[in-house]
Every structure is written in C-alpha cells, then in structure tokens.
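Report on one structure; see the data block that follows.
The values are calculated or read from the model by the stated rules, or taken from the named source; none is laboratory data. Please read these numbers as outputs of a predicted model, since none were measured by experiment. A quick note on method: Cβ atoms are made from the backbone with ideal geometry, for glycine too, and the neighbour counts reach across all protein chains shown. Ligands, DNA and RNA are stripped out before the accessible areas are found, and what is left, the full protein with its side chains, is counted by its heavy atoms. Shrake-Rupley method; radii C 1.70, N 1.55, O 1.52, S 1.80 Å.
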Amino acid sequence: MRAPSPLRRFATLLALVVTGFPLVQAIAPAPALALENGLARTPPMGFNNWNSTHCRADFTETMIKGIADIFVAKGLKDVGYTYVNIDDCWALPSRNPSGDLVPDPARFPGGIKALADYVHAKGLKFGLYTSAGTKTCNTAGFPGGLGHEQQDANLFASWGVDYLKYDNCNNQGVDAQQRYTAMRDALAKSGRPIVYSICEWGQSKPWTWAAPVGNLWRTTGDISDKWSSMIGKAQANRGLAQYGGPGHWNDPDMLEVGNGGMTAAEYRTHFSLWAMMAAPLLIGSDLRKVSDDDFAILKNADVIALDQDVLGKQATVLGANAGLVVYSKVLANGDRAVALSNETGATATIATTAAATGIGGAPAYTLKDLWSKASRTTTGSISASVPSHATVLYRVSRAGSRYEAESATLSAGGTVDANHAGFSGTGFANGVNAVGSYVEWQVPGPASALTFGYANGTAAARPVDVSVDGVVVATGVPFPATGAWTTWSTVTKAVSLASGQHTVRLTATTADGPANLDYLDVQR
Ligand code: GCU
C-alpha cells in the first residue's frame, strides 16, 4: 500500500484522536486490502449526466446547477444523494499553454471551480471526469490524463473536485493497473480527498486488482436504457460479491431510472438489484424532466437503506433457475434482504426460505415488501408471484426468538430428557408430576406473544398458570393431549411485555404436573 500523503496522514490521526481511538492504531501498518482513503464507506450516491445527455448541447452549467437545485428541493439530498458529477465533453480540445485542461466556455461559462462552489454551497459534492488515455472517449478528442496525472489531479483538487471518474479510452495499450495506479497516487498527492472511480469497463477484471487502487471500479461496459442492457449488467456483476466492500465497490454502471426506455417494473428491478449489489447509485436521468413515479423509485428509502447498509456486503445469488433469480444480502443488524427477480417473459412464482439466507432460526420472520411496504410473517417460506421483469424485494427479520426448555429453570426434581423424539434443541423439560411444579425462562422483551412447544401423551390436559415477573397473567391454561409423547404441539398466549428482561413461569395446577415442555418462542 502506498504511503498516505502527509496531509491525509494528519487528517487520519486527527480523526482517530477525535473519535478516541488509541494513537498507535494510526501509525500501525494497515493491511493493503483496499484503498484506505477513508472515502466511499458506503456506495457513492449522486448524479452523472452521461446517460441522459451524452455530449449533447444540453449538457451545460445550467443543467448541472439545476440538478443540484433539485437534489435539495426534491429531497434527494435528504435520502443520501450527494455527488453531482459531470462526464465527458466539459473541456476544450486543447490544454492551455501551461498544459492545464480548460473548461469549455460555451458549456461552462463560469468555469468548473465556480460550478463546484455552487454545488458545495448546497451541501453537496462535485465530481469530474477524464480518461486514463491520451484523449477522452468523444470523437472531438478532448485531452486525457495519461502522462498528465499529477498536473490534472492538482488542477481538479484546486477546483474543489470531490470525485473523479477515470475512463479507459485512448489508453495506448498501457497496462491498466499502471495507468489507474498513477492517477491514484496523483490524487493522493493532490492533498484533497477525492473518490476515485475506475472506469475500465471490467476488461482486465479490475475486481481482482483494483481494491487497493480505487474506491469503485466498473465491472462491465456501458449500460443503455433498455431491459436487455440493464439485466445484462446485473448478471455480469452479481457473481462478484466477494470483491466489494466499504471503500471499494463493484460498479455495474450508472442508473437509467427515469430515462424512459424501461417499464416501471423494470426500473424497480434495476434499482432493487443495484441496491442489493451495493452498487453506486448515480442517477443518470435529467431530473428536471423525471416523472413523480420515477422520483418515487429513486427516493425509496427502504431500498436505499439496503444499498447504504454499513456492513457493505454485496448480495449473493442463492439460486438462478431459467431466469428466476434469488438474491440475498446480509445486513448490519442481522436482517437479510431478499430479492426475487423474474428475468423471464411471464409471471412466475419464485421461492426461497429464511434458512437459505443464513439469518438463523426463529419461530417466525417478518417480511417487509420494500416496494408495496406491506409486512407479513412467515415461519420460513419466502415466496411470491413475480410478474415478468419485476422484482419482489423483502427485508427479512427475525420476528421472535426461541428459548429452549433445556436452558430453563425447573422446580426441584424436574429433569431435562431426550427420550421422546421430535423436540427442538437437545431435549425437553419433564417437570415433576405435582401441583406447583414449574418451568421458568428468562426472556428479553418486548414481546407480543409467548408460544410454548410441548407434548402430552396422556388423555387429559395438563393445565398451568402462566406468570410473568411473578404476576399470574393466565390461569389454568390447558395443555391438551397431543396423542403421544412424541407428538409435539404448541400453546400460544398473547402478552404485552415491555423491553427488558422478564421471568416467564408455567406452574402446574394439578397433580399431573406440567406437560413435557420443549421451548418458549417469544414473538416480538
Ligand atoms: C411418561 C413420559 C414422560 C412424561 C411423564 C408424565 O413417563 O415418558 O416423558 O413426563 O409420562 O406423565 O409427565
């Protein structure tokens, strides 16, 4: 890993001191795993004009200022969109006598620095573009950064640039790692924190080498505003989960939402999959013309939260069967996001299970549909009928927790047995056959219901009093015969437990004692 610039090293030290970390951490060598410039800890969110304007004449200072205005006015800034970035064709075809790039005075009469200042004044950040070649991609032949890395990086820093997209055109066959590393080092030496976006189109598998070089790297060629292109980018990008993470992201290219070439369902799929894949969310439509429906897609805070989850895990593919694809993303709070995505031309049922996501056992799971906002519970099945080209997106959380009877407290003489099959965990509680015999659990609230797993192989019910924190909340609750000691059933009691620790006790009210008790499930 390269040595950080003195300025950046100082900033890191300062940050560590301010946040109370021991100073030694700041000077211990960090593993060379990623470009540790402290930026893009979650995938960058913002705007880039390319998908809507390319180099057309409507790509101007007026447009970009308008976008910055809309970021604030329409609440995009509030949901996390930060970077207002401009793409190719901002410069004149020739450098000035000092060798500096010159903003095109027709498009950007105020110059780039003034535009960056305008964007900064709104509490946003500003991004710029050039190419790791002798010229950028446009046929007009705008000058590129190859061989001019430090001069250009210094100029960008002096203008207040916060983000650089570095393209791959006219690269003269120079090794990609060499070209992109040269600009990385130049940006570092510029002294300004600049998110570094490697736009190498996935040609030399940048995910295998670019983590210590850039904050994000394109994994594919350019997206276009149609289903086949968009889903092709998702397909190419979705197998690369192991390479992305905080500060270093796979980039399947910018968003097309709002550009008009896909259906609403297709745009929701686009946005869902980009969020699942922890992709940069760079709006690529002219927000001055975007419909309210497309704004609603771009501003879906539940979906953005998946993308911006601090754990920074890209979704993995749990299954892809003839165009029916299940993605699962691990989230910082232990939840999972699950996308059921239908790439086919007909409605289909797509299914997985909570267990397949690795979320862990629970008596029930809450599935929140992040587009319809409806929630439902399931004991494990995650399934939906998904229209053609649509994606059903769930946030899956454990709705409760199980407390096994083998970890409960039993009144004197009670035993934990395992001689009747079918129990959960490693055994069940066999309370003494006597009035007053009890089984007691310590459980955390809040809780809305308690479900007891049990078996009763006799012909008569085994009633108990249920108490919470020493107060009887239900008397003589029957635990009916289940037909055999190996036949397990449940009894559920609605409760209203506040957060904090609680004692739940079942006390036998007859000389038969309690039924054999397997577990207590606490529903949230
Ligand atoms: C049988 C059964 C036990 C059960 C007991 C009871 O002995 O094997 O598991 O606890 O009956 O009547 O409580």
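Observations, loosely collected:
- These residues, Arg402, Arg95, go from largest to smallest accessible area, 1.4 Å probe, as Arg402, Arg95.
- Within the chain, the proportion of C-alpha pairs whose separation exceeds 44 Å stands at 33%.
- Extension reserve of the Asp293-Gln150 stretch, reckoned as 0.36 nm per residue once the Cα distance is removed: 47.1 nm
- Evaluated at q = 0.16 Å⁻¹, a Debye calculation over the C-alpha positions of region 294-401 (equal weights, vacuum) places log10 I(q)/I(0) at -0.69.
- The ellipsoid that matches the Cα gyration tensor of region 452-502 has semi-axes, each √(5λ) in whole angstrom, of 25, 12, 7, with the longest given first.
- Relative to the globular-protein estimate of 2.2 N^0.38 Å, the Cα radius of gyration of region 124-250 stands at 1.04.
- When Thr316, Thr366, Thr377 are compared by accessible area at a 1.4 angstrom probe, the order from most to least is Thr377, Thr316, Thr366.
- Look at where the Cα atoms of region 56-78 and of region 290-329 average out, and the two centres are 25 Å apart.
- No Cys partner within the rule (Cβ under 4.7 Å), the chain: Cys199
- Counting only DSSP H runs of at least 4 residues, each contributing -39500 (n - 2.57), and dividing by the residue count of the chain, the helix-based mean residue ellipticity at 222 nm comes to -6500 deg cm²/dmol.
- For the pair region 136-209 / region 335-351, the C-alpha centres are spaced 38 Å from each other.
- In terms of the mean number of neighbouring beta-carbon atoms within 10 Å, the peptides 382-391, 448-457 order highest first as 448-457, 382-391.
- Take Glu406: with every protein chain present and a 1.4 Å probe, its accessible area is about 50 Å².
- Sequence ranges 126-137, 318-329, ranked by mean other-Cβ count within 10 angstrom, highest first: 126-137, 318-329
- Largest-first principal axis extents of the Cα set of region 358-512 (Å): 62, 33, 24
- For the residues Glu266, Glu36, a 1.4 Å probe over the protein chains yields an accessible-area ranking, largest first, of Glu36, Glu266.
- Relative to its residue count, region 31-115 spans a Cα convex hull of 150 Å³ per residue.
- Taking Cα atoms only, the orientation of helix 176-190 departs from the longest principal axis of the chain by about 90 degrees.
- Probe 1.4 Å, accessible area per residue of the chain, Å²: 39
- Dipole magnitude of the chain, debye to nearest 20 (Cβ charges: Lys/Arg +1, Asp/Glu -1, about Cα centre): 580
- For the chain, the longest principal axis of the Cα atoms and the long axis of helix 264-276 meet at an angle of about 80 degrees.
- Percent carbon-and-sulfur accessible area, the chain, ignoring ligands, DNA and RNA, probe 1.4 Å: 55
- Summing charges over neighbours of Leu410, with a neighbour being any other residue whose Cβ is under 13 Å away from its Cβ, gives -3 when K and R count +1 and D and E count -1.
- Charges were assigned to the Cβ only: +1 to each Lys and Arg, -1 to each Asp and Glu. The resulting dipole of region 235-341 about its Cα centre is roughly 240 debye.
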